[in-house]
């Protein structure tokens, strides 16, 4: 692989010239050894994060949360409650940082925007026929434009896993490019649904495909399938963004989503970021947690560090 | 918020282990002073703090211990295998119960990170006792005849790099097959063996079945030379191994030797690069490189040399060196001042011969014995750092162009203990592995151990196998 940024950039524009060249490029990426990858993720999971480092990690993790509600039953009231919580996560302690964003369906974007107005909390919207992505491109783009028009700062799109798994990489690439364009100034998070991609080799290929097409973030999953973010698939994506920046100079963010519920887990992910991509990614501009129940555990651990005592679920808000 | 994610110190508590100010020899189920009253001190390599004073066995003590083992052999070898198994299972369970204590002790005495003693050494120690406990009543089915007999008294000499694990590799198969044991731990790391003596008492092991004689080389020499020892098992340096081989030649003693190595870790251009980098790190920086089967020669296909070296250097920059009791420490202390001096002189020689030396920015503690992780590039087969075992955190990087060249370079060594192959191509793994002259060949991994897997060397890396079914043979009259 080329090592200088200029020749790399040139080579990387060539690879998207056709389905064939894109396939050759993606299949030419170094393979992933499952056992080794999972062993590395597990070994980083044994880092012992205590006292000042833990306090730092908890506040950092809170600031990285995309506080999410993606239910068919979402109402304006629910979204307003979520927005209020994003702005003041801990009503008993105003020193708690705000979350990075609230993440909602497109029809709730305007409500969410109003709820977080003036706080610095961003509004992210899942679009492109989330979570299945099974709709015509026109429909997906309309979904995106709708969210952007309502004020979304960030768009979370799902890729067409069917096209990816059947090897139609250029179709996936073109869709991401189109969505990126439709997103305008909003930052684009590309969701791979890693649980459905099934192999680590596929996850690495999808990561590069997403980055080549202009993703601002690559994101593991929708949270709607059985296997969502894991330490191993997140580690792999962190390697991908690290290598992509080394080759092109372009930095891309990472967002594990789904299944991260405890402070302990969140801290393990931060260790993965710290020791894989590096400290440059340790801000909410480059790393996010897609989570809804994580925040309360972070807050309870934060209260524990502040008071020396465990509180309980009644000392944090239900939404 | 601080500006960076600095990990606060996370030290494992020392209070879980109670180190006595002095220890005796363990002979015939009792702790006793050395006949001539000699003692030596054992220090913690990370702080140079004196941990304890230990009796130093002399020739007279060796004679007493071998005598005790000989007397115990009569009853021990006559026990049904299932009875011996009960003792071994009991020992294994006690090791598990006391594993935190033993891990801290081993880290204090050896200098290796608690992460390794806790997650690698101790689980393997227990696993070896469990595994050989399982064989004790099935020896007739091991392929050595229907009723294979033990040899008698085993004289065992072990090194300082894995004090308790090497003890387990030696004692578990010896006891399972009905032998009794006199074991000499290394002079820099005698404590875990003495704690093991206590475990033998806790398990109610009959007197004299296991005897522990801390001491220096002269103690080991006396043990090996003792006429009533039937079997010699040694793990350590090639020079001492050769001396032992000369000493026992012409006697009826059986001998197994597990000696030095200069393992080749071969990375092909289609390797899973990120995992290969991890494997290279595990291969040479595990236990500060003080591993006889370390992958100390990295053979990289020329086409990916620069890319791989970039990745490797970046990865080395994330290694955390320091207090071995800190749970976040990756690289601990070198075991002794002597070993540190030896590493230093070989590294200087490497530089003098023209190899290019590199280490990540790394602050070394002021007390104790420390050596920063080190890479040598521009290394050729003619360089000393490509030929001599350094036994420290020093990796020599060489290149190759074709699989044949990789095999030729990997085999071009007086050793033959281990090798590694990194490629996504299964057929290449098999083809190359078959041509490598090494006792263990790992593919897409490195430094993985399991009691069921035999371990041992070719050429000057020794002879005989430990572990697995093969490991029984060394302790049976076959």
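What to note about this one:
- As a proxy for reagent exposure, A:187, B:14 were ordered by neighbouring Cβ count within 10 angstrom, fewest first; the result is B:14, A:187.
- Cα centroid separation, the range B:365-393 to the range B:209-225 (Å): 31
- Using the Cβ-Cβ distance between residue B:453 and residue B:30 with R0 set to 30 Å, the FRET efficiency from 1/(1 + (r/R0)^6) comes to roughly 0.25.
- Sorting the segments B:462-469, B:412-419, B:448-455 by their mean number of nearby beta carbons within 10 angstrom, highest to lowest, gives B:412-419, B:462-469, B:448-455.
- Relative exposure of B:396, B:366, judged by other C-beta atoms within 10 Å (fewest first): B:366, B:396
- Dividing the mean sequence gap of close Cα pairs (under 8 Å, 6+ apart) by how many residues chain B holds gives a relative contact order of 18 percent.
- Remark: the residue B:337-residue B:306 segment gains 7.7 nm on full extension, using 0.36 nm per residue and subtracting the alpha carbon distance.
- Residues within the reach of a label modelled at residue B:242 (point 7 angstrom out along Cα to beta-carbon, backbone nitrogen below 15 Å), restricted to the range B:408-439, are B:414-416.
- Mean Cα-pair separation over length for the range B:69-149, i.e. relative contact order, pairs under 8 Å, 6 or more apart, %: 37
- Computed FRET value (nearest 0.05) for residue B:147 with residue B:74, which takes r as the C-beta separation and R₀ as 25 Å: 0.90
- Per-residue extension of 0.36 nm, minus the Cα-Cα distance of residue B:93 and residue B:313, leaves a gain of 75.1 nm for this segment.
- The alpha-carbon atoms of chain B define a convex hull whose volume equals 146 cubic angstrom per residue.
- For a modelled paramagnetic label at residue B:435, 7 Å from Cα along Cα-to-Cβ, the residues of the range B:286-311 in reach, with backbone nitrogen under 20 Å, are B:297-305.
- Mean separation of Cα contacts under 8 Å (6+ apart) over length of chain A, as relative contact order %: 20
- Helix A:76-87 axis, angle to chain A major axis (alpha carbon atoms, nearest 10°): 80
- Potential extension, residue A:81-residue A:165 segment - 0.36 nm per residue separation minus Cα distance: 26.3 nm
- Sequence ranges A:243-253, B:111-121, ranked by mean other-Cβ count within 10 angstrom, highest first: B:111-121, A:243-253
- The range B:1-57: translational diffusion in µm²/s, Stokes-Einstein, Kirkwood Rh over Cα pairs, 20 °C, 1.002 mPa s: 148
- Distance from the range B:162-205 to the range B:410-478 (C-alpha centre basis), Å: 25
- Cβ-derived FRET efficiency at R0 22 Å, residue A:246 paired with residue B:357, nearest 0.05: 0.35
- The Kirkwood hydrodynamic radius of the range B:381-478, based on inverse pair distances between different Cα atoms, is 14.9 Å.
- Where N is the number of residues in the range B:189-288, Cα Rg divided by 2.2 N^0.38 Å: 1.53
- Take every DSSP beta bridge whose two residues both sit in the protein assembly as shown; close to 20 percent of them are antiparallel.
- With the convex hull drawn around the C-alpha atoms of chain A, the volume per residue stands at 127 Å³.
- Residues A:169, B:7, ranked from the fewest to the most other C-beta atoms within 10 Å, line up as B:7, A:169.
- Placing dummy labels 7 Å off each Cα toward the beta-carbon, the span from residue B:372 to residue A:23 is 4.9 nm.
- The shape of the protein assembly as shown can be summarised by an equivalent ellipsoid whose semi-axes, obtained from the alpha carbon gyration tensor, come to 55, 30, 23 Å from longest to shortest.
- Label-point gap, in nm, between residue B:16 and residue A:314 - each point 7 angstrom along Cα→Cβ: 3.7
- When the helices of chain B are scored as -39500 (n - 2.57) per DSSP H run of n ≥ 4 and the total is divided over every residue, the value at 222 nm lands at -11500 deg cm²/dmol.
- Backbone N under 16 Å from the residue B:384 label point (7 Å along Cα→Cβ), restricted to the range B:214-248: none
- The range B:1-147 has equivalent-ellipsoid semi-axes of 35, 26, 11 Å, by the square roots of 5 times the alpha carbon gyration tensor eigenvalues, sorted largest first.
- Summarising the overall dimensions of the range B:333-390 from its C-alpha atoms, the Rg and Dmax are 12.0, 36 angstrom.
- Separation between Cα centres of the range A:248-290 and the range A:81-139, rounded to whole Å: 19
- Residue B:414 versus residue A:74: modelled label distance in nm, points set 7 Å from Cα along the beta carbon direction: 7.2
Readers should treat all values here as calculations from the given coordinates under stated rules, not as data from a laboratory. Values in this document were obtained by computation on a predicted structure and should not be read as measured data. No Cβ is skipped: glycine too gets one built from the backbone with ideal geometry, and neighbour counts run over all protein chains shown.
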